[in-house]
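Below: the structure, in structure tokens.
Bear in mind that the values in this text are calculations on the coordinates, not laboratory data. From a predicted model like this one, the values you see are computed outputs, not experimental measurements. Backbone-built Cβ (ideal geometry, glycine too); neighbour counts: all protein chains shown.
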Amino acid sequence: MEAIVENPNVCLLVSTDHVDFYQIKRVQVFGKAVTSLQDSNLFQDVQDQCRNIGLSAHELSRLKVIKIIPEKIVYLNSLGDGDRAKQILIGK
């Protein structure tokens with residue numbers, strides 16, 4: 001997390017397993033990151049949300065939080081007969 005403090009430019013990729021480049025579903029989020037080391041309020045926000053999914057106090061105490069302020073989001077769905085068209089959302 002110290003590296004994010006030095007360089008907050010990040011990319012988060014969430015994707016399905018894929019057989020090849022043409023059969024994949026994914027979303028990429030590009031933006032600036034802030035960590036709970038920089039902003040302790042992030043930790044409290046996440047704790048409040050995680051209590052709703054049943055995490056114990058011990059599990060919550062071990063969390064490290066990274067918040068991404070999106071600048072660009074790219075969504076691609078090419079599973080099955082997907083046309084490989086990307087949907088791109090660019091922030092302000």
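For the range 45-60 versus the range 1-17, the inter-centroid distance based on Cα atoms is 22 Å. What shape does the range 1-60 have by the C-alpha gyration tensor, where a ≥ b ≥ c are the square roots of the eigenvalues, rounded means a/c under 1.5, and otherwise prolate means a/b greater than b/c and oblate the rest? Note, shape of the range 1-60 comes out oblate. For the range 36-92, the gyration tensor built on C-alpha atoms gives an oblate shape. Its axis ratio a/c (a ≥ b ≥ c) is at least 1.5, and a/b is not larger than b/c. In a simple Cβ point-charge model (Lys, Arg +1; Asp, Glu -1; nothing else charged), the chain has a dipole of about 180 debye relative to its Cα centre. Once backbone amide H atoms are built at 1.01 Å from N, Lys25 has Thr16, Ser78 as its partners under 5 Å, excluding neighbours fewer than 5 places away on the same chain. In order along the range 66-76, the phi-based Karplus estimate (6.51 cos²θ - 1.76 cosθ + 1.60, θ = phi - 60°) of 3J(HN,Hα) comes to 10, 10, 10, 8, x, 10, 8, 10, 10, 10, 9 Hz; Gly and Pro are listed as x. For the chain, the number of Lys pairs with C-alpha atoms closer than 13 Å, counting only pairs eight or more positions apart or on separate chains, is 6.
Couplings for the range 25-38, taken from phi via the Karplus curve 6.51 cos²θ - 1.76 cosθ + 1.60 with θ = phi - 60°, read 10, 7, 9, 10, 10, 9, x, 9, 10, 10, 10, 5, 5, 8 Hz in order; Gly and Pro are left as x.
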